[in-house]
Amino acid sequence: MADDAMLHEKLTNGAEFLGSKDYYQQNIPDHIPPNLNPAFQLRPYQLEAFGRFKYYMESYSSRPENTPTQSLFHMATGSGKTIIMAGLILYLYKQGYRNFLFFVNSTNIINKTRDNFLNSIASKYLFNEMVQINNQQIRIKEVDNFQASNSDDINIVFSTIQGLHIRLNTPRENSITYDDFESERIVLISDEAHHINAETKKIKELNQAEMLDLASWESTVNKIFHANAQNILLEFTATIDLTNEQIIEKYRDKIIFDYPLKSFRLDGYSKEVKVLQSEISLMKRALQAILLSQFRRKVFEKHGWLIKPVILFKSKMIKDSNAFFGEFISKIKNLSGDDLEKIKTNARLGSVLWRVFDYFEQHQISLENLAFELREDFSEDKCISVNSKDESEQKQIAVNTLEDADNEYRAVFAVDKLNEGWDVLNLFDIVRLYDTRDTKAGKPGQTTLSEAQLIGRGARYCPFRLNNEQPLYQRKYDILDDEKEHELKLCEELYYHSAYNPRYIQELHTALEEIGIKAKKSLQLRLALKPGFKDKIFYKTGFVFKNERVKYAREDVTGLNTYFVETAHKIPLFTGYSQSSTVFVFEQQHQSGKKQIDYFLKSFGSNVIKKALNQFPEYQFSNLKRLFPHLKSVSEFIASDHYLGKLKVEVEGTEAKVSNLTQDDKLYIAMRLLEKLSGQLQAENIDYKGTAEFKPYMVKDTFTDKTLNIVNDGDSDQEYGIAQSETTNQSLNLSLASKDWFAFNENYGTSEEKYLVKYIDKVIEKLKEKYSEVYLLRNERHLKLFNFNDGQVFEPDFVLFLIKNDAIPALHYQVFIEPKGSQLIKQDEWKRNFLMRLKSEHKIDQLWEDRNYIIWGMPFYNEAETKAEFEKEFSSILM
């Protein structure tokens, strides 16, 4: 990799050499997850961030030594930067850091963050009820300075950048001073870090005297950061300007993790953004928004979720916002069914508003009753205006806790008070109450860009699911069945309501593409089963087999893993021996007289083992009971041959030392062995398993017509979204219209998926010689399988059905095939392993006398890398 590559790029490429693209996710500090609030399920990219920082601090060979460490996390709005901060505080505490300075540009963000870090009853409190590190309970405290801070606590000073600058340069009694940073090593945490780069951005505009004399915010931060060589500066931002030359140079070797809004959206963690244009009055625009909002509330309730959708009414000027607030309250007080009827009359057939009114009608909700509901739900006491610079603390708390069950606000009126640091998931509508543009030279102006950033904030996904198979924090309804949009899809979308103004909308789309919340290429494609396939008896009466995911209660676990019990675990003791040698001169190396002796762990005595167990929270009995349901006591865990009783250690050291172990030696050995066992237990601690039993489902109910929402930002396979019959790549081009074995009308898949279809086309005549019927079906989220080991969801790309009617009984093969891009072969190895186990491990209750059903899986198909392996396995089908 080039020397001018960014640090995060080097780390990404380095993961391959470390063994896996998931290396960082799999190597996070063990004490972070159990000490964070269990309500916040850690996402893969958050684990990645932790693992990258750990690797950078402990193993990255190019990290500068004897100088303060500066690291930046560029992460999308809504991706959970504060949970990363909390986790890194826990990591650095274990590295010996006790004092943390959190600073940001806004008082509002300070108050919100203080609540999240310190208030254990707050809905967004970041830590577990009890924080325990090295078997010690840790307190998290706010302090004014670090001079009298407790060395056992996590001590945090909260400050704005401006307040920090003033406090340091005009010190007062008990206030933080520059001395704090010279005598103690400090971790500085900067949120919305782009604000401290004002000096960097304008450095070219300053003369030398100004540069030397500048007592700015950024120079204040730099001064305290460099006060101690062991200080650490952690910066977090969603909007760093990586087009600015000075910023790029400053952060080239500092950006640990780059997870922009585009990646956040592509991974499904954001709402999709829709723009609803209308040539109507501002009040009617507002009424449209409350209708959509009420529809969402009812759909959520229908599916068992008490989620309260919120609307933001955004004005350009405070006086306009205050005026519209009054008009809105007056209108709502007198809202009638006739008012709603006028909006319904103008709703275009098939539009989102038409679907909303159709839903109300289907569920027998009259417009008069709906108007009554809206008068109640959007009454004055459920609307809040936040425009003043001196808003009350109660209002600030209210707009930052809109998701709480006891917060009844449905509408927020504001200008720009909520543009930064506003963290709300249940915002579904933003109503633009002005029609101005500020384009410059054909590019979006600052107002449009700030509107796009506000939309980006509002696009945070509001979590819900209908069953445990669905992801909680990701979109689920991007693909449409039979052209019928799922009613919950609107609950995964943020609507931006504006006037009909094509030029403005184009500028807004450009701005949304720039920040990454909107794909540069987006289209809907129809995927339909061919009429000829639908006429087949196989389609009408055939079966496809799927397994299930079941809760794993570990009732079959009666002890430790046999392999772990039967392994002699090597534990070296420190011998105190040392030897010097001359570099580049060969010398005969003297042996240190090491000896190995085997011991059973239980021979060290129960007191030693209990003391060792007490060093690890995971060995508390409640935790052990969850892992081993049949365990009756800690004493049984120590003594029984099913648990620790048969564990053997091979102790290595000097003969005198290993033959005469002290109590401290025994404790040390026991702790090292239990630490190793802890990792094993963590790997085996799974909540679900995939069943070996596969059950039949009707093909006609499983495989249906769909509408695909294809998005491509230029990072995806460029074949994705292009019909196989229309691709200009001749090695992939294939007309599927006349291929009776390909069930759907087209293949819009990636290049590897198209190569697979070409391969089947090449061998189809051989298949037809052996089998009476051959059908290849694209699995576009039609069916899911579940990994045997942990219940992880897997949706193989293709299912090949092969029917041999001339056998007695008839044989029905169901073959799962997964084409795989080269960059994903290692990362998805668990999928390949699962596919290869299907043939020998699947179980089907054969209820039919005239036929047998058989399930197979194939190795990954990759034209360049795995085709030979695939063909070898596939040949067994052809023979």
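The values are calculated or read from the model by the stated rules, or taken from the named source; none is laboratory data. As the structure is a prediction and not an experimental result, all values here were calculated from the model. Using ideal geometry, Cβ is built from the backbone for each residue, glycine included, and neighbour counts are taken over all protein chains shown. The area values use the complete protein model at the heavy-atom level, side chains included, leaving out ligands, DNA and RNA. Shrake-Rupley method; radii C 1.70, N 1.55, O 1.52, S 1.80 Å.
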Can you name the condition, by its number, that Ile764 falls short on among (1) in contact with a helix residue (DSSP H, G or I) (Cβ under 8 Å, 6 or more places away or on another chain); (2) buried (at least 16 other Cβ atoms within 10 Å of the Cβ); (3) farther than 19 Å from Asp705 by Cβ?
-> (1)
Does at least one position in segment 596-603 carry a residue that is touching a helix residue (DSSP H, G or I) at 6+ places or on another chain (Cβ under 6 Å), of a type in the set (Gly, Ala, Ser) and more than 24 Å from Glu684 (Cα to Cα)?
-> no
Residue list for segment 327-358, restricted to those being among the hydrophobic types (A, V, I, L, M, F, W, C) and open to solvent by 40 Å² or more (accessible area, probe 1.4 Å) = Leu349, Trp354
Do we have any residue at all in segment 400-412 that's farther than 18 Å from Ile307 by Cβ and either among the hydrophobic types (A, V, I, L, M, F, W, C) or modelled with pLDDT under 75 (or both)?
-> no
Residue check, Gln26 against (1) at pLDDT 85 or above; (2) of a type in the set (S, T, N, Q); (3) open to solvent by 30 Å² or more (accessible area, probe 1.4 Å); (4) under 15 Å from the mean Cα position of the chain (by Cα), all met but one. Which one?
-> (1)
Among the helices (runs of 4 or more DSSP H) contained in segment 606-678, which hold 3 or more residues that are in contact with a Leu (Cβ under 8 Å, 6 or more places away or on another chain)?
-> 606-613, 621-627, 634-639
Among residues belonging to segment 616-669 that are touching a residue at least 60 places away in the same chain (Cβ under 8 Å) and among the hydroxyl-bearing types (Ser, Thr, Tyr), point out the one that is nearest to Glu684 (Cα to Cα).
-> Tyr643
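For (1) more than 32 Å from the chain's Cα centre (by Cα); (2) within 16 Å of Cys383 (Cα to Cα), each residue gets a yes or a no:
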| site | (1), (2) |
| --- | --- |
| Lys308 | no, yes |
| Ala323 | yes, yes |
| Asn346 | yes, no |
| His363 | yes, no |
Screening Asp797, Asp790, Asp850, Asp806 for residues that are of a type outside the set (Lys, Arg), within 40 Å of the chain's Cα centre (by Cα) and modelled with pLDDT under 95 leaves only Asp790
Does Leu312 count as surrounded by 15 or more Cβ atoms within 10 Å (Cβ to Cβ) and either touching a helix residue (DSSP H, G or I) at 6+ places or on another chain (Cβ under 6 Å) or within 20 Å of Leu425 (Cβ to Cβ) (or both)?
-> yes
Select, from Thr82, Thr107, Thr67, Thr12, the only residue that is under 16 Å from Asp191 (Cβ atoms), open to solvent by 40 Å² or more (accessible area, probe 1.4 Å) and not aromatic (Phe, Trp, Tyr).
-> Thr107
Specify which of the listed residues (Gly96, Gly163) is of a type in the set (Gly, Ala, Ser), touching a Lys or Arg at 6+ places or on another chain (Cβ under 9 Å) and surrounded by fewer than 22 Cβ atoms within 10 Å (Cβ to Cβ).
-> Gly96
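For segment 626-654, give me each residue that is closer than 19 Å to Lys570 by Cα and hydrophobic (A, V, I, L, M, F, W, C).
Within segment 626-654, Leu644, Leu647, Val649, Val651 qualify.
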Within segment 741-761, can you find the residues that are open to solvent by 10 Å² or more (accessible area, probe 1.4 Å) and either under 14 Å from Leu800 (Cβ atoms) or among the hydroxyl-bearing types (Ser, Thr, Tyr) (or both)?
-> Tyr748, Thr750, Ser751, Glu753, Tyr755, Tyr759, Asp761
Any residue in segment 713-720 that is under 26 Å from Gln792 (Cα atoms), out of contact with any Gly (no Cβ under 9 Å at 6 or more places or on another chain) and at pLDDT 95 or above?
-> no
Those residues of segment 129-143 which are over 23 Å from Asp179 (Cα atoms), assigned to a strand (DSSP E or B) and open to solvent by 60 Å² or more (accessible area, probe 1.4 Å) amount to Gln136, Gln137
Taking segment 230-274 only, how many residues are open to solvent by 10 Å² or more (accessible area, probe 1.4 Å), closer than 19 Å to Gly87 by Cα and touching a Lys or Arg at 6+ places or on another chain (Cβ under 6 Å)?
-> 1
Residues of segment 725-771 satisfying the condition of being polar (S, T, N, Q) and closer than 21 Å to Phe703 by Cα | Ser738, Asn745, Asn747, Thr750
Only unsatisfied item for Ile307, checking (1) open to solvent by less than 10 Å² (accessible area, probe 1.4 Å); (2) in contact with a Cys (Cβ under 8 Å, 6 or more places away or on another chain), is (1)
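When you scan segment 491-601 for strands (runs of 3 or more DSSP E) that lie fully inside it, which ones turn up with 3 or more residues that are at pLDDT below 85 and within 31 Å of the chain's Cα centre (by Cα)?
Counting at least 3 such residues, we get 521-527.
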If you take the residues in segment 206-229 that are open to solvent by less than 30 Å² (accessible area, probe 1.4 Å) and at pLDDT below 70, which one is nearest to Met6 (Cα to Cα)?
-> Glu218
Only one of Gln730, Gln792, Gln724 that is of a type in the set (S, T, N, Q), open to solvent by 40 Å² or more (accessible area, probe 1.4 Å) and within 19 Å of Asn862 (Cα to Cα) = Gln730
What is the number of the single condition among (1) open to solvent by 20 Å² or more (accessible area, probe 1.4 Å); (2) more than 20 Å from Tyr269 (Cβ to Cβ) that Phe102 does not meet?
-> (1)
Those residues that are touching an Asp or Glu at 6+ places or on another chain (Cβ under 7 Å) and either farther than 29 Å from Ile844 by Cα or surrounded by 17 or more Cβ atoms within 10 Å (Cβ to Cβ) (or both), I need them from segment 553-568; list them, please.
-> Ala568
Would you mind stating whether Ile154 is among the aliphatic types (A, V, I, L, M) and open to solvent by less than 10 Å² (accessible area, probe 1.4 Å)?
-> yes
Go through the residues of segment 858-867 one by one and say whether even a single one is under 30 Å from Asp535 (Cα atoms), open to solvent by 50 Å² or more (accessible area, probe 1.4 Å), of a type in the set (A, V, I, L, M, F, W, C) and assigned to a loop (DSSP other than H, G, I, E, B).
-> no
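With open to solvent by 50 Å² or more (accessible area, probe 1.4 Å), out of contact with any Gly (no Cβ under 9 Å at 6 or more places or on another chain), closer than 24 Å to Gly542 by Cα and not basic (Lys, Arg) as the only criterion, which of Ile877, Ile808 stands out?
Ile808
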